[in-house]
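Here is the structure we will look at.
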Amino acid sequence: MKKILILGTSSFAGSSFLNYIINKNYIVFGTYFSKKYLFIDKIKNKKNIKFIKLDLSKNFDKLYKLVERIKPNIIIDFASICLVNESWKNPQYYFNVNFNSRIKLFNNSDKFSFLDKYIYISTPEIFGSSSKKISELNSCYNPSTPYAASKLAAELLINLCNKNLKKKFIIARFSNFYGRGQPFHRLIPKTIKCIIKKKKFPLHGKGMSKRDYIFDEDFNLALFKLIKLGKVGNKYHFSTNKFYSVYEVVEKICGLMNYSSRKLIKFSQDRIGKDKNYFLSNFATTKSLGWKPKIKLLQGLKKTIKYYEQIIN
C-alpha cells in the first residue's frame with residue numbers, strides 16, 4: 001500500500017482532500033499546525049491515518065527529517081500561510097513558512113529514491129492581475145504581495161530542481177477553491193454567515209475583481225487525477241473557465257438565500273496589492289488528465305449554503 005504525506009491538513013484545502021483520500025487505498029500521514037480547521041472527529045477511527053504536528057516557521061530541518069523517516073511515495077503540499085493582506089505585516093514569517101522551510105527538502109529531493117511525486121499546490125497570484133488567460137507554461141510572473149512572492153520563490157526553486165536534479169515535482173495551480181468547511185474569513189462562508197446573522201458584509205472596493213470558483217468535489221477529483229496521471233516536471237491549471245466578479249458571487253448568494261444585497265453590503269477600502277483578475281487557462285491540463293469541473297457555481301453555492309445553515313446557530 002502506497003504512502004502519502006499531506007502537508008497542511010489543518011488548512012481548508014488540506015482537510016478537504018484528506019477526507020477524500022482517506023477512503024482510498026493509501027496509508028496517509030498528515031501534518032498540521034493547528035486543529036482549528038482539521039476535521040479529525042470524522043476520521044479519528046480510521047486506521048490508515050496518522051497526524052503529526054509540525055511548525056514550519058521554526059527549525060527548517062524538521063520537514064526534511066520527517067520525509068526521511070516516513071519515506072512517502074507521494075507528497076501533497078498544501079502547507080502555506082495564505083492571508084494575502086496580512087502578509088504585508090510580517091513578510092519574513094510568510095517566507096519562512098512558505099519558502100525557507102522547503103529549501104533543504106527541495107534541494108535534496110533527488111536523494112529520496114522512495115519518492116515518486118511531490119505535488120506542490122501553488123497559486124495564480126504569482127502572475128498578478130491578468131487580462132488574458134494564462135497557460136500552464138506562462139512564465140510572466142508579477143506577484144503583487146509578499147504572500148504571492150513567497151509562493152513564487154518556492155516555484156522557482158522547484159523549477160531548478162526539476163531541471164538540474166532528478167525530476168520529482170508537479171506544480172498545481174487552482175482557481176478560487178470553495179465549499180463545505182471553508183473558514184469564515186473567506187468570501188463565500190462570510191457572506192452566508194452575515195446573511196444568517198443579519199449583519200453587514202464589508203465588500204472591499206466595489207467588488208469588481210473577477211475570480212474563477214472551483215467546488216470542493218471538483219478540487220479533490222483534480223488532485224486525485226494528479227496522483228494517478230500527473231507527470232513529474234509538469235505544471236497543471238485547474239479552473240472552470242467561468243469568471244465572476246466578487247459582487248456577482250455575493251448577489252448570487254443573496255438570491256439563493258432570499259436576502260437583499262442592499263441590506264447586506266457595506267463597501268470598504270480595497271486591500272493593498274489586490275489583483276483585479278485571475279484568468280487561468282486549463283486547456284493543456286484538461287487534454288492530458290481528462291479533468292473537467294462538474295459542479296456549476298449555483299450548484300456548489302446551494303450545497304455550501306446548506307452546509308453552513310446546519311452549523312451556524
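From the C-alpha coordinates alone, can you work out the Kirkwood hydrodynamic radius of the chain, in Å? Could you put the intermediate results ahead of the total?
On the way: mean 1/r = 0.0497 Å⁻¹.
One decimal place: 20.1 Å for the Kirkwood radius.
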Ordered by residue, what ³J(HN,Hα) values in Hz, to whole numbers, does the range 97-113 give under the Karplus form 6.51 cos²θ - 1.76 cosθ + 1.60, where θ = phi - 60° and Gly and Pro are x?
6, 7, 9, 4, 5, 9, 4, 4, 5, 4, 5, 10, 4, 5, 7, 8, 5
Considering only the chain, percent of DSSP beta bridges that pair antiparallel, nearest 5:
10 percent
Sequence neighbours fewer than 8 away in the same chain don't count; with that in mind, list the aspartates and glutamates whose C-alpha is under 19 Å from K206.
E248, E251, D270, D275
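Sorted by mean Cβ packing within 10 Å, highest first, what order do the peptides 129-142, 54-67 take? Walk me through the numbers before you get to the answer.
Working: 129-142: 13.7, 54-67: 16.2.
Output ranking for 129-142, 54-67: 54-67, 129-142.
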Please report, in debye to the nearest 20, how large the charge dipole of the chain is about its Cα centre when each Lys and Arg carries +1 at its beta carbon and each Asp and Glu carries -1 there.
680 debye
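Using a Förster distance of 35 angstrom, determine the FRET efficiency expected from the C-beta separation of F283 and D116, and round it to 0.05.
Values: r = 26 Å, r/R0 = 0.75.
Efficiency, from the Cβ-Cβ distance: 0.85.
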Inter-label distance for S245 and Q92, nm, one decimal - labels placed 7 Å from Cα along Cα-to-Cβ:
4.1 nm
Around I170, which amide H atoms from residues at least 5 apart in sequence, or from another chain, sit under 5 Å from its own amide H, with H modelled in the peptide plane?
Y118, I119, Y120, G233
In the structure shown, do any of K24/K231; K3/K306; K47/K228; K104/K210 have a Cα-Cα gap over 25 Å, and if so which?
K3/K306; K104/K210
How much length is gained if the chain between E309 and K163 is pulled fully straight, taking 0.36 nm per residue apart and subtracting their Cα-Cα distance, in nm to one decimal?
47.7 nm
The helix 246-256 Cα axis meets the longest alpha-carbon principal axis of the chain at an angle in degrees, between 0 and 90 and rounded to 10, of 70 degrees
Would you mind computing, in nm to one decimal, how far apart the modelled labels at N23 and K263 are, each placed 7 Å from Cα along Cα→Cβ?
3.7 nm
Report the one residue of S87, P189, I4 whose Cα lies farthest in the direction of the positive end of the charge dipole of the chain (charges on C-beta: Lys and Arg +1, Asp and Glu -1; origin at the Cα centre).
P189
Where a label projected 7 Å from the Cα of Y141 along Cα→Cβ would reach, residues of the range 211-242 with amide N under 19 Å:
233-238
Reduced to Cα centres, the span from the range 88-142 to the range 198-249 in Å works out to 18 Å
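Read-outs throughout are calculated quantities, based only on the coordinates presented, and are distinct from any laboratory measurement. Not measured: the values here are computed from a predicted model. Please note: Cβ atoms are built from the backbone with ideal geometry, for glycine as well, and neighbour counts cover all protein chains shown.
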